[in-house]
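In what follows, a single structure is set out as structure tokens and then discussed.
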Amino acid sequence: MSSLEAVELVDRIWARDPTVWTGHDEAQWLGWLDEPGRMLERLDEHQALARDFDDTVLLGMGGSSLAPEVLRRTFGVERFHVLDTTHPSAIARLDEQLDRDRTLFVAASKSGTTLETRCQLDYFLARGGTFAAVTDPGTELEQLARERGFAWVVSGEPSIGGRYSALSPFGIVPATLMDLDVRSLLERADVMAQWCRLGEENPGFQLGLQFGEGWSEGRDKICIDETPGGFGLWAEQLLAESTGKEGKGLVPAPSESPDGLDRQHGRVGIDDPLDLGAEFFKWEFATAVAGSILGINPFNQPDVQAAKDRTAAILDRMDARLEPESSVDELLAQAGPGDYVAILAFIDPGREGELDLLVRRARETGCVVTKGLGPRYLHSTGQLHKGGPNTVLALQVVDELGEELDIPGRKFGFKRLISAQAAADLDALKERGRRVARVRLADL
């Protein structure tokens, strides 16, 4: 790309020109470009939020939970908990360790109807505590929060999609509740935003150009640097959900080696934890640039709804039976050049370390290996698996779910919910002709 073309592309992005991508509704989803400056203006509002509690629990999924989780890990905040699972054992374990009278529960959902978040909220509302919400204006969650007398409600920016919301209230309110130096985080993000107005010296443009040109050369696996705070956990949603559609896509692979014909290096520039704000913005801009090169709309997620619809149908119909299908050996034997293995684990997050041996085994194929916990990955890499290139070998792993954990006001509990989510996703993958298998964690 010439210098003139680079300047023109950057200028058109900042001018909200949807023809940079597909010419559809992209202009409606570019609020993230200005959000660092807007959030600096709202700092006093957020600093005034009630947060004098021993523990804070964020109830959220995907774009509402991943940036807070990376912030929590990066800064080592022990009394802030991100609950982004429907596994009954994990929910019961967290509940047992909390003093609910000294705990703030924050429900975070842009749509206000996210099934997992609303079920978590129903569960904890019935048990007592102090509650707050982060949601877009006019949602069902906002209405519920007002009716139930939540301590506070913070409104999000409707022109920002969930995966671009790290520097919006969905990331910054949790950062405030963690007592981080939010002003410095945002100021560094705002400086990066100004740098991303430049032409060829633009850091976000250069990263996006690398991703897009590498993709055009067959290097579609983005091997993201491992960081102490797990930056790749957030970045994989941004890349996978933004680009994985129409049979195309960048495959994010946190912590994988970039050495390989189908791989490229996803460098993370965090020298100081407070650089995280700037890095969030840089990768957002890079993803928008890469989306232009791929010729897709990086702000929609057309295949995410498939698993949600199937989950609802299974919940209405009956309990899901998660029987083994095929085997690890049979699935991995199908691996070929350019493929990647996705380990999709509907297990207690506390047992994630038990997947390490399986990851090493999958790497023996020579393929990039990714790992996601369900149902979290449904809001992250799930779009790529179903809408991206048919190069995925999807290995679903399930564990023993234990006793049912009832959800007040629902006809199903968490055990039934997570079972339905696992069954629905495997069905959706099969429908799209993906190579799949399901195994039990205990059998590995």
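The values are calculated or read from the model by the stated rules, or taken from the named source; none is laboratory data. What you see is a predicted model, and the numbers here were worked out from it, not measured in a lab. Neighbour counts are summed over all protein chains in view; Cβ atoms, including those assigned to glycine, are modelled from backbone coordinates with ideal geometry. Ligands, DNA and RNA are excluded from the accessible area calculation, which covers all protein heavy atoms including side chains. Shrake-Rupley method; radii C 1.70, N 1.55, O 1.52, S 1.80 Å.
When the chain is fully extended, how far beyond the present Cα-Cα distance does A313 get from E140, taking 0.36 nm per residue of separation? If you can, show how the numbers build up before the last one.
Values: separation 173, 0.36 × 173 = 62.28 nm, distance 2.21 nm.
Once the chain is fully extended between A313 and E140, it gains 60.1 nm.
Beyond a 29 Å Cα-Cα separation, which of these cross-linked pairs lie in this structure: K371/K411; K221/K282; K371/K430; K221/K415? Walk me through the numbers before you get to the answer.
On the way: K371/K411 31 Å; K221/K282 19 Å; K371/K430 19 Å; K221/K415 34 Å.
Beyond 29 Å: K371/K411; K221/K415.
Quick check: net charge around F281, other residues with Cβ under 10 Å of its Cβ, Lys/Arg +1 and Asp/Glu -1? Kindly include the intermediate steps, with their values, before the conclusion.
Numbers: positive: R188, K282; negative: E35, D190, E279, E284.
Residues close to F281 contribute a combined charge of -2.
Which entry in (1) 4, 22, 32, 27, 12, 2, 0; (2) 4, 17, 21, 18, 13, 10, 7, 6, 4, 1, 0; (3) 4, 20, 29, 24, 15, 6, 1, 0 matches P(r) over Cα pairs in 10 Å bins from 0, in percent derived from the coordinates of this structure?
So the calculated entry is the one marked (1).
Roughly how many percent of the accessible protein surface of the chain is carbon and sulfur, given a 1.4 Å probe and a whole-percent answer? Write out the running numbers ahead of the final one.
On the way: 7590 of 16860 Å².
For the chain, the apolar C and S fraction of the accessible surface comes to 45 percent.
Quick check for you: with a 1.4 Å probe and neighbouring chains kept, what is the accessible area per residue of the range 267-351, in Å²?
On the way: 3400 Å² over 85 residues.
Here the per-residue accessible area is 40 Å².
Full-extension gain between N390 and S257, please, as 0.36 nm times their residue separation minus the C-alpha to C-alpha distance. Can you show the working numbers first?
Numbers: separation 133, 0.36 × 133 = 47.88 nm, distance 2.18 nm.
Net length gain for the segment: 45.7 nm.
Roughly how many nanometres apart are two label points built 7 Å out from the Cα toward the Cβ at E330 and V191?
Label-label distance for E330 and V191, simple model: 5.6 nm.
Restricting to DSSP H runs of at least four residues, report the calculated mean residue ellipticity at 222 nm for the chain, -39500 (n - 2.57) per run over all residues, nearest 500 deg cm²/dmol. Each step should come with its number before you reach the end.
Details: 17 runs with 183 residues, N = 444.
It comes out at -12500 deg cm²/dmol, rounded to the nearest 500.
Counting only other residues whose beta carbon sits under 13 Å from that of P169, what net charge do I get with K and R as +1, D and E as -1? Walk me through the numbers on the way to the answer.
Values: positive: R38, R42, K110; negative: E35, E41, E45, D136, E142, E157.
Local net charge: -3.
Please enumerate, by chain and number, the aspartates and glutamates with C-alpha under 18 Å from the C-alpha of K386, excluding those fewer than 8 residues away in the same chain.
Cross-link targets: D220, E236, E241, E246, D303, D309, D339, D425, D427, E431.
Can you tell me the accessible area per residue over the range 116-203, all protein chains present, probe 1.4 angstrom, in square angstrom? The partial results should precede the final answer.
Numbers: 3160 Å² over 88 residues.
So the range 116-203 comes to 36 Å² accessible per residue, rounded to a whole number.
Relative contact order, percent, of the range 89-218 when contacts are C-alpha pairs under 8 Å separated by at least 6 residues?
Numbers: 118 pairs, mean separation 20.5, N = 130.
Across the range 89-218, relative contact order equals 16 percent.
Please list, in order, the residues from the range 183-209 whose amide nitrogen is less than 19 Å from a point placed 7 Å along the Cα→Cβ vector of E5.
Residues 198-209 qualify, since their backbone N sits under 19 Å from the label point.
Would the range 57-127 count as rounded, prolate or oblate if I go by the C-alpha gyration tensor, calling it rounded below 1.5 in a/c and otherwise prolate when a/b exceeds b/c, oblate otherwise?
Values: a/c = 1.61, a/b = 1.04, b/c = 1.55.
Oblate is the answer for the range 57-127, as a/c is 1.5 or above yet b/c matches or exceeds a/b.
What does the accessible area per residue of the range 391-444 come to in Å², with a 1.4 Å probe and no ligands, DNA or RNA counted?
Numbers: 2140 Å² over 54 residues.
Accessible area per residue: 40 Å².
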